[in-house]
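The values are calculated or read from the model by the stated rules, or taken from the named source; none is laboratory data. What you see is a predicted model, and the numbers here were worked out from it, not measured in a lab. Backbone-built Cβ (ideal geometry, glycine too); neighbour counts: all protein chains shown. When the accessible area is computed, the model is the full protein with side chains, heavy atoms only, and any ligands, DNA or RNA have been set aside. Shrake-Rupley method; radii C 1.70, N 1.55, O 1.52, S 1.80 Å.
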There are 2 protein chains.
Amino acid sequence: MDNSIQNENKNGDVKMNLEIKEKLNEVKSYIGDIEKLTKAIGLLYWDMKTYMPKKSLDSRVGVLEYLSEQEFKLTTGEKVAEFIEFFKGEMKQLDLVDKVMIENLKRNYDETKKIPKDKYLEYVVIASKSEAAWEEAKEKSDFSIFKPHLEKVVEYQKEFVNYWGYKENKYDTLLDKYEKGITVEKLDVIFGELRDGIVELLNKIKNSNKKISKDIFSGKFPVEAQEKFSIEVLKKMGFDFEAGRLDVSVHPFTLDMGSHDVRLTTHYYENEFSSALLSSIHEGGHGIYEQDIPDSLENTKLGTGVSMGIHESQSRFYENIVGRSKEFWTYFLPLAKKYFPEFKDTTLDEFYEAINYVKPSLIRTEADELTYSLHIIIRYEIEKSLINGEIEVGDLPRVWNEKYKEYLGVEPSNDAEGLLQDMHWADGSFGYFPSYALGNVYGAQMLNKLLQDEPNIFKEISVGNLSGVHEWLKENVHKHGSIYTPEELIKNITGEEINTKYFLDYLNNKYLNIYTNIL
Amino acid sequence: MDNSIQNENKNGDVKMNLEIKEKLNEVKSYIGDIEKLTKAIGLLYWDMKTYMPKKSLDSRVGVLEYLSEQEFKLTTGEKVAEFIEFFKGEMKQLDLVDKVMIENLKRNYDETKKIPKDKYLEYVVIASKSEAAWEEAKEKSDFSIFKPHLEKVVEYQKEFVNYWGYKENKYDTLLDKYEKGITVEKLDVIFGELRDGIVELLNKIKNSNKKISKDIFSGKFPVEAQEKFSIEVLKKMGFDFEAGRLDVSVHPFTLDMGSHDVRLTTHYYENEFSSALLSSIHEGGHGIYEQDIPDSLENTKLGTGVSMGIHESQSRFYENIVGRSKEFWTYFLPLAKKYFPEFKDTTLDEFYEAINYVKPSLIRTEADELTYSLHIIIRYEIEKSLINGEIEVGDLPRVWNEKYKEYLGVEPSNDAEGLLQDMHWADGSFGYFPSYALGNVYGAQMLNKLLQDEPNIFKEISVGNLSGVHEWLKENVHKHGSIYTPEELIKNITGEEINTKYFLDYLNNKYLNIYTNIL
């Protein structure tokens, strides 16, 4: 009797496991289809920004819209509801990856379902018109062209927040889309510390009588040579050109179609050396992250970088912590001299100082490592007020200029170099900007741990061995894809929560060393 | 009373027209979705052959399979059956384009539906394995690797013919897929005349003591210069680089994503001049055809070249009739001299003779203008016998070598330069080959009419004005897309059915002029 019951239980368990296993295969095949659509959309977009003949724009937009609609249909399909229902009681039986995969599927489904379809479709049109209006406004440097469109976008974003719901702060809901777990409460502290620390350091630098120039980066740098040098640097970094490419677009970006097809773009300027190279290194950081994601995460939607903040931590780690270090240029300056006769007489110190030249400026994407975060903090403060209704779109020109004056001591002379410079608001990406500054903070915190694990890492870099950095980042960050939240990940790696101390220490160490002789 | 009936009728008609109009819009929107999928598939394929990182092949094939499945589902969907049913009684009320569009939709639907889905899916796997086996076989020059796969492909093709049905000859059914209206009965006559005429001319040339060499095309021709020269030639031809591109792939091809995005590829050899350029001109002919298709044919599936034969007539017209003419090089040789110092002392006559050098050879894609059609006729005769069961796959090596010996006087020393040279059989494209030779025949027939309409056309070409040729082809061929069948089109243009006389006259005139002093 006992025996027979035992057998029944056993058989029951086996059956249950089999059923779960089968359903997991089914889910993964379904998610695999979504991933295939995402890859096709990715290629259509990449091509549009790189090689597409210009007369094909309308046609291409039509194809992109159609496939995006199919992707949306799959993400919100009845099949997904069935999967969620099936796994509701079985979550404990799943391993970590499968569990997070199902949670992820459910969160996307719920979020999308909360917005009425008509509202969403209205918004797609509004956002698309708003992007076009922004482009025109930026070209003519006239905010009034963009204003009515931005007002609509903000109105819809606020409405979406109401649909999605919020706890403490409306803006939290938007932040969470780009950096899970991040809230206004946390960011006010993090960015407050960052702002105070950077402004203090900036004032010291202003009072330094150390003269630094980046004139050596102006001259004649043939595009072909820049491209070859970029590729040589990327290869040394560990970017795999059999699983990726480097091309040219107006604005640099990284786009992957899975970890075996990761595409970077940069933009070369014949008369300037550092811009394209630093873009290549930055995008290379994003790209290496994606290339390192294990194949086992295919068909789970977890096979990609976990958040924009963690992604930026990798790109900015390579761009700034590595790519602007003296050790990096100890190795690469002699190589650069082979490509660019302009550097014939340049010393390592001159080069190192030039690439770390600090000057408060108006344009975020051209900012130096030190002042960059201030550009982000300004945008964060504005977004927060806007979404919470404390300011209106009409207040933006005034608020923008006031904050630039206050934090950076500079004032835009027109809208194009002021609040029209970035596209993020035009397409409604509110909550995105903080990622960039979070990336700086995460990155320095990781550096601190890396130096404990590998005290000789910069010595390695100085002889052109970047594989130690790469292996450490792969092991600690890349190989996990989106399995852990950003919060879990940084805690797993460093043993503590996000902490601005490391980034501020790093900045102070570095820049007080460069800008000596503080008055 | 009369009045009210009239009104009723009138209202009835209005209602009918409105209903038809609405349904037409619905069909076009549906076909538009299919076209969007086709464009996405096109880009994924183009990218795979040009820029895709090699490690991404498996992933890319997965995406292509998924989208092809979606395209197949739309093409055979219930919605299509509804459309066909609706228009069954209304065909007379449709204008020409709409009528052909619906007929087209129905033919595709019927043909696809006739094959049981399982059979089709089995075949997809078989064809894909067969392609891989062919690649390996070609590399190792070993037909035995490919043989069992080809046997399966042929078996399925024969089975498909039985599902589709046939009247006179089984092979007709396959021919019709590439060239509507063409049959074995017609081709036996056309290709018989062609074979006899060409072999006769070839024998005369063999007996000429005129010494011609194409040594001037061997040397050092930097890829960058070849690319620039190709682009200059294509621009002169009228290829629009704002609606198209020229890139590099292993085998040259043309692929369009609508008339505003037409992509050509070529393949440069640093040590040979003519191969890449003639490929560029050939693909340019295909490309200009697609670029000239009017926007009004979007969303009808008629917005593309009507058949492979007519398409080849355009590419071969540009490659041979224009691109190998003395007038073309009267204009372009001085330009070529600027790009390639090798041509410094080359005279126009030397160049013209070199580019029209005739020599029977083993490889179709490297054949000269005169012997090319014989390569095709050999393949036609073999396919016809194979599909009708008169020979078996095992007979192919023998039959192939016999025919090459008989028609061209050459014999392959291995399988790679024999029956393994082309991919067409590996993926089951039986019925495709004849298009190439039909293109030659159509082209010369069009030339005859063009010379009547524009007697000075070659004088124009000799001063670099190719717009007359382009305009004539656009007006007579390109602008019609797939509205007319190949048969209708050639009749509309030239007033008669396909006729080999013009091509044979053209060849005789040209080559007896070059190879003078026939013994």
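What the table below lists for this structure:
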| item | result |
| --- | --- |
| Dipole magnitude of chain A about its Cα centre (Cβ charges: Lys, Arg +1; Asp, Glu -1), debye to nearest 20 | 620 debye |
| Interface size B-A, as summed buried accessible area [1.4 Å probe, Å², nearest 100] | 2700 Å² |
| Apportionment of accessible area to carbon and sulfur, the range B:134-181, percent (1.4 Å) | 43 percent |
| Qualifying GluC sites (Glu not before Pro) in the range A:240-285, DSSP loop, other Cβ atoms within 10 Å at most 15 | A:242, A:270 |
| Euclidean distance between Cα centres, the range B:18-33 to the range A:309-324, Å | 52 Å |
| C-alpha center-to-center spacing [the range A:437-469, the range A:228-244] in angstrom | 19 Å |
| Derived scalar couplings ³J(HN,Hα) [the range B:368-381; Karplus, 6.51 cos²θ - 1.76 cosθ + 1.60; whole Hz; x for Gly, Pro] | 6, 4, 6, 7, 3, 5, 5, 4, 5, 4, 4, 5, 4, 4 |
| Over chain A, relative contact order from alpha-carbon pairs under 8 Å, at least 6 apart, % | 20 percent |
| The range B:184-514, accessible area per residue, ligands and nucleic acids excluded (1.4 Å, Å²) | 38 Å² |
| Shielded by partner chains, the range B:22-55 residues - at least 20 Å² of accessible area, 1.4 Å probe, vs chain alone | B:33, B:36, B:37, B:39, B:40, B:43, B:44, B:47, B:51, B:53, B:54, B:55 |
| Accessible area per residue in Å² at 1.4 Å probe, computed on the range A:65-167 | 58 Å² |
| Percent carbon-and-sulfur accessible area, the range B:184-514, ignoring ligands, DNA and RNA, probe 1.4 Å | 47 percent |
| Threshold 30 Å², the range B:225-270 residues less accessible with all protein chains present than alone (1.4 Å probe) | B:242, B:245, B:260, B:261, B:263 |
| Gyration tensor verdict on the range B:184-514 (Cα atoms; rounded if a/c is under 1.5, prolate if a/b is larger than b/c, oblate otherwise) | rounded |
| Dipole magnitude of the range B:2-173, debye to nearest 20 (Cβ charges: Lys/Arg +1, Asp/Glu -1, about Cα centre) | 380 debye |
| Sparsely packed trypsin sites (Lys or Arg not before Pro) within the range A:319-374, loop by DSSP, other Cβ within 10 Å at most 15 | A:344 |
| ³J(HN,Hα) computed for each position of the range B:247-254 - Karplus, 6.51 cos²θ - 1.76 cosθ + 1.60, integer Hz, glycine/proline x | 10, 10, 8, 4, 10, x, 7, 10 |
| Among B:121, B:499, B:44 the positive-end extreme of the charge dipole of chain B (Cβ point charges) | B:499 |
| HN-Hα J in Hz across the range B:62-68 - Karplus 6.51, -1.76, 1.60, θ = phi - 60°, x for Gly and Pro | x, 5, 4, 4, 4, 5, 5 |
| Intensity falloff of the range A:274-352 expressed as log10 I(q)/I(0), Debye formula with alpha-carbon point scatterers, at q = 0.11, 0.26 Å⁻¹ | -0.40, -1.19 |
| Net dipole in debye of the range A:359-490 [+1 Lys, Arg Cβ; -1 Asp, Glu Cβ; about Cα centre; nearest 20] | 280 debye |
| For the range A:485-519 versus the range A:79-151, the gap between their alpha-carbon centres in whole angstrom | 33 Å |
| Shape category assigned to the range A:446-519 from the gyration tensor of Cα positions, a/c cut at 1.5 | oblate |
| Ellipticity estimate at 222 nm from DSSP helix runs (n ≥ 4, -39,500 (n - 2.57)) divided over chain B, nearest 500 | -20500 deg cm²/dmol |
| Among A:160, A:212, A:175 - extreme Cα towards positive end, dipole of the range A:152-269, charges at beta-carbon | A:212 |
| Cα long-axis angle, helix B:78-87 against chain B (0 to 90 degrees, to the nearest 10) | 80 degrees |
| Ascending list, in nanometres, of distances separating the residue B:247 label from those of the other copies (7 Å, Cα toward Cβ) | 0.6 |
| Kirkwood Rh, angstrom, the range B:2-173 [1 / mean 1/r, Cα pairs] | 19.8 Å |
| Using a 7 Å Cα-to-Cβ projection, residue A:220 label spacings across copies, nm, ascending | 2.4 |
| Calculated over the protein assembly as shown: convex hull of Cα atoms, volume per residue (Å³) | 254 Å³ |
| Cut-off under 5 Å, modelled amide H: who pairs with residue A:263 long-range | A:245, A:255, A:256, A:257 |
| The range B:103-249: projected area of the alpha-carbon convex hull, averaged over directions, in nm² | 15.7 nm² |
| Nearest-first distances (nm) between copies at residue A:84, label 7 Å from Cα via Cβ | 3.9 |
| Rounded tilt (10° steps) of B:96-114 against the dominant C-alpha axis of chain B | 90 degrees |
| Cut-off under 5 Å, modelled amide H: who pairs with residue A:269 long-range | A:276 |
| Antiparallel DSSP beta bridges within the protein assembly as shown, percent to nearest 5 | 55 percent |
